[in-house]
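Only one structure is covered here, and it is reproduced in the block below.
The values are calculated or read from the model by the stated rules, or taken from the named source; none is laboratory data. These numbers come from a predicted model, not from an experiment. Here Cβ is always computed from backbone atoms with ideal geometry, including for glycine, and neighbour counts include all displayed protein chains. The area values use the complete protein model at the heavy-atom level, side chains included, leaving out ligands, DNA and RNA. Shrake-Rupley method; radii C 1.70, N 1.55, O 1.52, S 1.80 Å.
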Amino acid sequence: MAEAESTKPSSDSFPSQAQVVVIGGGVIGCSVAYHLTKLGWRDVVLLERSQLTAGTTWHAAGLIVTGFSSETTIGIAKYTRDLYARLGEETGQDTGFKPVGYIQIASNPDRVNVLRRRADYSRMHGVITEEISAAEVKKMWPLFDTSDILAGFYTAEDGRCNPIDTTMALAKGARMGGARILEESKVIGIRKERGRVIGVVTDKGAIEAEYVVNCGGMWARELGKMAGVNVPLHAAEHYYLITEPIQGLGRDLPIVEDPDLFAYYRDEMGGLMLGMFEPVAGPWGMKGIPENFSFGEIAPDWDRLLPYLETAMERIPIVKEAGVHKFFCGPESFTPDMGTLMGEAPELKNYFVLAGFNSLGILLGAGSGQILAQWIVDGLPPVDVSDINISRLMPFQNTPKFLHDRTVELLGWQYVDWPNLQPETARNVRKSAVYDRLARAGAYYGQSVGWEYPDWFAPEGVEPRVEYSWGRQNWFEYAAAEHRAAREGVILMDLTHMSKFLVQGRDAEKVLNRICANNIAVPAGRIVYTQWLNERGTIEADMTVTRLAEDCFLLVVVDQSHTHVHSWLKNHTPHEAHVFVTDVTSGYNILNVQGPKSRELISALTNVDMSNEAFPYLTMQEIDVGYALVKALRVTYVGELGWELYVPTEFTLHVFDLLVEAGKNVGLKHAGFQALDSLRLEKGYRDYGHDIDNTDTPLEVGLGFAVALDKRGGFIGRDALVRHKEAGIFKYRLAQFLLDDPEPLLYGGEPIYRNKVCVGYLRTGGYGHTLGAAVGLGEVEHEAGVSADFIKSGSYEIEVAGVRYPAKVSLRPMYDPKGQRVRS
């Protein structure tokens, strides 16, 4: 094990300035410092309040695995594993990495299905996972009871490391690159000026800095509060048991995870380490982390853990007879949605965060540090950060009670993997005005950024309860009926959770037209679909912009982009501009009326002429509905005639009741987001954070029609986009796929084969109830370039849980390719 060299600062050696100050001397902080020096930034100071590895790093289990369900996470994990394997040679400090292998156990059909899907996806990203039999699992772990195992999934190159040695190796590498690491140097304040961080204050003195990086682990939330930055994470108890040596156990066995028992197993000095990710966890540190908690332990709650522990021991019964060497309980930090918190804080320029690893800090540490370092140096992230960008979350998710209540179920989510999984805790607070009405109508509610939204509706007399599976879930036919109602009749859908901003002022058009890729210098009442791009020409946001008046615009964006869009707009509005931004999300409820009979329904309730001639597609008018004045936007995300009604919150119930009553004459049906997703996938509409992300330009993903390259004054990212277009080579294109076989289901992540060669994967998938089979949007990649002819000339298959199914492909929507229905 490594011996740390003394890094206690003396009064005459304490720095007064640095280019970057990294706060936190665990594996994450040391990784960021190391990677900054690798990029040539040598003026880096790392501050650790106690000693390196204090907090959570020192007691980590050291599992190193690479099979995940997102391209970004797989890339992070692979880089981490590979760096740990070679870091000792570079620094002279070994990490203790051993490629002993990794097995995931499946003991029910649904688990087999999801692990096969994950293996398919992982293989196409260079992680070789093979399915093995129960007998092969038994051969690797002879003491296991394998009687209930249906399959194992084995990755030979994965393994384990020593977390302390690994951290010391990263720290040594950072020092070799020029970084200074100072222990026993506690940060007690953050200095900022004009919305930008300018340094830190420590118990040894102040340090001026251009950048500050919060890698404070379970202290990261408190460090964020010092800076006025929300870092929503909460500590939870995490347990593992280490037995006395067990005869016949062996050494350097593959790591094993048994998700259905919420347990992991590895050998430890001749004994067994049995770790738990139990489904009902114990939040810890509700009143703050104790001041002296550096290498501390938590008193175990035997009564709570014993039932889970006894169940996990069934996998290796001999453990029940073994002596207990150590029953350990220590804290790990968890975030509200189980995603890492990474990136520049939306509240404060040049203040970056890398924390909240949900007990995966060691196995994601090197790759995450590398990405954040590149982000700091370049100003933009090098990978898709949709699921990990800290700006995806909202301030209320950082409240103590929300974090405490949500953390109860988060630990077990490490091993819970269902399509459309919804949390059960910290729910039913952020609701639209029609929540109770829709609940009485049979709504099953999901949640997104705290918003409750109807996912689907149960028929009268049926309780809206989900039965999770990887096959057709119990609501499948309910959503199919909602889908058909949108195509054939009329539906009513609550879209209140969408984020809404008013941008006003005499410079509003000028500022927005510089940020928007499309031209928003249009007459009042026009709706413009657009993206926001960065200087690389890749997409930062996707939205509609409606011009309400000469000096007033309404921006509507998906709820997960709320904080990011608000921050981006603030950061790209000149200080001298006469522009005011108001978040009006809570001021309007959105009642979405869609389908061929939508005009008939709304016309029955208003004096406004709703005809195609008087109210064309992509326009807005204020209409009367009963006593209310409503902003009606003729726009669709389902591919049918329809309007989104923006109703002042106080009038929403009145308008809703009128729509429902009048809807009895036209067969109005309530619809939820499962129907919305299947409808939009048939039409090929994009969904930011799912089909498209911050690594795509509009050109590859079929959104070139929403870019005005020739508009006066240009826009952010135009020059990069022009260069990209003039080069004429797109290494990938986004296309629509439809299975020939109506039975398999697509969820996203399924590999795409062209002429028997893997060329990409589906970014999203669902069921096309009108098209008659599963449908998805996916990328077709080819290093020499992907043209329309290249796509059309191939023969395609989609791999679903190890089986390849023939599929059709199209660059145009397979449903209503000419867009006639939306304009009728």
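Overview of values
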{"read-out": "Identity of the residue in the range 132-167, closer than 30 Å to W58 by Cβ and assigned to a helix (DSSP H, G or I), that ends up most open to solvent (accessible area, probe 1.4 Å)", "value": "M140"}
{"read-out": "Considering residues of the range 289-327 that are farther than 25 Å from P400 by Cβ and among the basic types (K, R) only, the residue least open to solvent (accessible area, probe 1.4 Å)", "value": "R315"}
{"read-out": "For P232: the one exception among (1) assigned to a loop (DSSP other than H, G, I, E, B); (2) closer than 30 Å to R111 by Cα", "value": "(2)"}
{"read-out": "Cβ pairs under 7 Å, 6+ apart, first in the range 567-579 and farther than 17 Å from R392 by Cα, second among the polar types (S, T, N, Q)", "value": "V579/T573"}
{"read-out": "Conditions (1) of a type outside the set (S, T, Y); (2) touching a helix residue (DSSP H, G or I) at 6+ places or on another chain (Cβ under 7 Å); (3) closer than 25 Å to T340 by Cβ: number failed by E257", "value": "(2)"}
{"read-out": "Residue among R733, R723 that alone is basic (K, R), open to solvent by 20 Å² or more (accessible area, probe 1.4 Å) and more than 29 Å from the chain's Cα centre (by Cα)", "value": "R723"}
{"read-out": "Residues located in the range 213-229, provided they are in a strand (DSSP E or B) and among the hydrophobic types (A, V, I, L, M, F, W, C)", "value": "V213"}
{"read-out": "Those residues of the range 25-56 which are closer than 16 Å to A169 by Cα, surrounded by fewer than 24 Cβ atoms within 10 Å (Cβ to Cβ) and not small (G, A, S), in sequence order", "value": "T37, K38, Q51"}
{"read-out": "Some residue of the range 689-706 being under 17 Å from N592 (Cα atoms) and either surrounded by 21 or more Cβ atoms within 10 Å (Cβ to Cβ) or modelled with pLDDT of 95 or more (or both)", "value": "no"}
{"read-out": "Criterion: among the β-branched types (V, I, T), under 17 Å from the mean Cα position of the chain (by Cα), farther than 15 Å from F68 by Cα and surrounded by 24 or more Cβ atoms within 10 Å (Cβ to Cβ) - qualifying residue of T335, T340", "value": "T335"}
{"read-out": "Selection status of A171, outside any strand (DSSP E or B) and either open to solvent by less than 10 Å² (accessible area, probe 1.4 Å) or in contact with an Asp or Glu (Cβ under 7 Å, 6 or more places away or on another chain) (or both)", "value": "yes"}
{"read-out": "Search result, residues across the range 616-664 that are closer than 18 Å to V545 by Cα, among the aromatic types (F, W, Y) and in contact with a strand residue (DSSP E or B) (Cβ under 6 Å, 6 or more places away or on another chain)", "value": "W643, Y646"}
{"read-out": "Matching option when the condition is touching a Phe, Trp or Tyr at 6+ places or on another chain (Cβ under 9 Å) and open to solvent by 10 Å² or more (accessible area, probe 1.4 Å), among E467, E488, E477", "value": "E467"}
{"read-out": "Which numbered condition D252 misses (of (1) exposed (fewer than 15 other Cβ atoms within 10 Å of the Cβ); (2) of a type outside the set (G, A, S); (3) not in a loop (DSSP other than H, G, I, E, B))", "value": "(3)"}
{"read-out": "V759, sole failed condition from (1) among the aliphatic types (A, V, I, L, M); (2) open to solvent by less than 30 Å² (accessible area, probe 1.4 Å); (3) modelled with pLDDT under 95", "value": "(3)"}
{"read-out": "Residue identified as touching a Phe, Trp or Tyr at 6+ places or on another chain (Cβ under 9 Å), surrounded by fewer than 16 Cβ atoms within 10 Å (Cβ to Cβ) and among the acidic types (D, E) among D657, D624, D609", "value": "D609"}
{"read-out": "D789 vs. criteria at pLDDT 95 or above, among the acidic types (D, E) and under 19 Å from V701 (Cβ atoms)", "value": "yes"}
{"read-out": "Residue in the range 551-566 that is surrounded by fewer than 17 Cβ atoms within 10 Å (Cβ to Cβ) and under 27 Å from D691 (Cβ atoms) present", "value": "no"}
{"read-out": "Meets criteria (open to solvent by less than 10 Å² (accessible area, probe 1.4 Å) and either under 27 Å from P596 (Cβ atoms) or in contact (Cβ under 8 Å) with a residue 40 or more places away in the chain (or both)) for M498", "value": "no"}
{"read-out": "Single match in M140, M124 (criterion: closer than 18 Å to G67 by Cα and touching a residue at least 60 places away in the same chain (Cβ under 8 Å))", "value": "M124"}
{"read-out": "All helices (runs of 4 or more DSSP H) inside the range 352-462 with 3 or more residues being crowded, with 20+ Cβ neighbours inside 10 Å", "value": "361-378, 400-410"}
{"read-out": "Answer from T80, T37 - the residue that is under 30 Å from G296 (Cβ atoms) and not in a loop (DSSP other than H, G, I, E, B)", "value": "T80"}
{"read-out": "Single condition G67 does not satisfy, out of (1) assigned to a helix (DSSP H, G or I); (2) under 26 Å from the mean Cα position of the chain (by Cα); (3) in contact (Cβ under 8 Å) with a residue 60 or more places away in the chain", "value": "(1)"}
{"read-out": "Pairs where the first residue, in the range 802-816, is on the phi > 0 side of the Ramachandran plot and the second is surrounded by 14 or more Cβ atoms within 10 Å (Cβ to Cβ) and outside any strand (DSSP E or B), C-beta under 7 Å, 6+ apart", "value": "G802/R116; G802/D120; D816/G639; D816/K683"}
{"read-out": "Subset of the range 769-792 [open to solvent by less than 40 Å² (accessible area, probe 1.4 Å) and touching a strand residue (DSSP E or B) at 6+ places or on another chain (Cβ under 7 Å)]", "value": "A773, A774, V775, G776, L777, G778, E779, V780, V786, I791"}
{"read-out": "Flag for K192 being over 31 Å from the mean Cα position of the chain (by Cα) and basic (K, R)", "value": "no"}
{"read-out": "Residue that is nearest to L777 (Cα to Cα), among those in the range 793-807 that are open to solvent by less than 40 Å² (accessible area, probe 1.4 Å) and either of a type outside the set (G, A, S) or touching a helix residue (DSSP H, G or I) at 6+ places or on another chain (Cβ under 9 Å) (or both)", "value": "I798"}
{"read-out": "Complete set of residues in the range 543-558 that are in contact (Cβ under 8 Å) with a residue 24 or more places away in the chain and part of a strand (DSSP E or B)", "value": "T544, V545, T546, R547, L548, A549, C552, F553, L554, L555, V556, V557"}
{"read-out": "Residue within the range 812-824 that is polar (S, T, N, Q), modelled with pLDDT under 95 and either exposed (fewer than 14 other Cβ atoms within 10 Å of the Cβ) or touching an Asp or Glu at 6+ places or on another chain (Cβ under 6 Å) (or both) present", "value": "yes"}
